[in-house]
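Since the structure comes first, as structure tokens, the remarks are kept for the end.
Every read-out reported here was derived from the displayed coordinates using simple, explicitly stated rules and does not represent laboratory data. All values derive from a computational prediction rather than experimental measurement. Every residue, glycine among them, receives a Cβ derived from its backbone with ideal geometry; neighbour counts consider all protein chains shown.
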Amino acid sequence: MNYQWYPGHMTKARRMMQENIKLIDLIIEVVDARIPLSSRNPDIDELGKNKARMILLNKSDLADERENEKWQEYFTQKGFHVVKMNAKSGAGVKNVLPVIMEACKEKIERDKQRGIKNRPIRAMVVGIPNVGKSTFINAFAGKACAKTGNKPGVTKGKQWIRINKNVELLDTPGILWPKFEDQSVGAKLAMIGSMNDQILNLEELSLELLGYLHKCYEGILAQRYELEESEDRLAMLSAVAKNRNCLKKGNELDYAKASNILLEEFRNGKIGRITLEQA
Ligand code: G4P
């Protein structure tokens, strides 16, 4: 889904988040493992202070496994409980429940000391658009659980999904707004396809991607597009165009078509498992 963010939209998202955060013990933040920082909005740290925190490194199937491990370590060091997963296939989803219990250990202990019994942990999934929040909620909660009715204090139309006797999840994810104002964040979101392609310069974006791949994944382009890698990004885009027979009338190279192919193949993981941000 493509969101057009404007101040009104952002204010509404922030207000809803503030309301819902009051109801929960744990924030489950979904990020895209290919851009674990650029797919976050650090405002959630302020909004969610005093809550238990988890990070789901989602789409880890598309990201570089060595980098996944480094990012897992990075966020763990920052005090998050981290699970690496692929919400689409379900891989890693079974690890979430035990980590929820671990993340909320203090709350469980506190309840016990106060004599409160059987109060379930309440959690909410949050993240910027397209990171896989809904896919995760379906994979995690989907078939197994009955929804509970509306309860006081929950924004109208929202429900808790009972995962088991210990854990309840708000059925609608909280949407965080991306940090577009940072140019490099915008470019990375565009590369993974989280922005409306119609407003982007896809050729410029492809050149940036080619430069990055040559620098950080040397040999990967040579292999897929049978080209000679170099610092000359335009020469590499020309080679992709030739390799894929992207020609306009008069046999001129069609850079727009080549850019589309490159970006599409990157986004689908066909070029390889690639992480755009190093931990
Ligand atoms: P959101 O609620 O955060 O906005 O994201 P959503 O669940 O709608 O997921 C966005 C897209 O990402 C979906 O693809 C979804 O299938 C895909 N996705 C979610 N998790 C993973 C994952 O771990 N790995 C991979 N490879 N993809 C994932 P789509 O293009 O909208 O639909 P479709 O391709 O599934 O038909």
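Does the stretch 74-82 contain any residue that is in a loop (DSSP other than H, G, I, E, B) and either free of Cβ contacts under 8 Å to residues at least 12 places away in the same chain or surrounded by fewer than 16 Cβ atoms within 10 Å (Cβ to Cβ) (or both)? Yes, the stretch 74-82 contains a residue that is in a loop (DSSP other than H, G, I, E, B) and either free of Cβ contacts under 8 Å to residues at least 12 places away in the same chain or surrounded by fewer than 16 Cβ atoms within 10 Å (Cβ to Cβ) (or both).
Applying the criterion of being among the aromatic types (Phe, Trp, Tyr) and more than 16 Å from the ligand (Cβ to nearest atom) to the residues of the stretch 60-102, the residue that is nearest to ASP25 (Cα to Cα) is PHE80. Report yes if some residue within the stretch 262-277 is over 22 Å from the mean Cα position of the chain (by Cα) and without any contact (Cβ under 8 Å) to a residue 40 or more places away in the chain; otherwise report no. No - not one qualifying residue is present in the stretch 262-277. Remark: pairs (first residue in the stretch 207-220, in contact (Cβ under 8 Å) with a residue 40 or more places away in the chain and more than 13 Å from PHE266 (Cα to Cα); second residue surrounded by 17 or more Cβ atoms within 10 Å (Cβ to Cβ) and among the β-branched types (Val, Ile, Thr); Cβ separation under 9 Å; 6+ apart in sequence or on different chains) = CYS216/ILE274; CYS216/THR275. Look at (1) within 16 Å of the ligand (Cβ to nearest atom); (2) exposed (fewer than 13 other Cβ atoms within 10 Å of the Cβ) and you find that LYS105 fails only one, number (1).
Inspection of the stretch 191-204 finds a residue satisfying the criterion of being within 16 Å of the ligand (Cβ to nearest atom) and part of a helix (DSSP H, G or I). Of all residues in the stretch 229-279, those that are in a loop (DSSP other than H, G, I, E, B) and of a type in the set (D, E, K, R) total 10. Restricting to the stretch 23-66, name every residue that is free of Cβ contacts under 8 Å to residues at least 24 places away in the same chain, of a type in the set (Lys, Arg) and under 20 Å from CYS104 (Cβ atoms). Matches in the stretch 23-66: LYS49 only.
Within the stretch 42-61, restricting attention to residues that are part of a loop (DSSP other than H, G, I, E, B) and crowded, with 22+ Cβ neighbours inside 10 Å, which residue is nearest to the chain's Cα centre (by Cα)? Result: LYS59. Just so you know, in the stretch 62-73 the residues that are among the charged types (D, E, K, R) and crowded, with 20+ Cβ neighbours inside 10 Å include one that is farthest from ILE100 (Cα to Cα), and it is ASP64.
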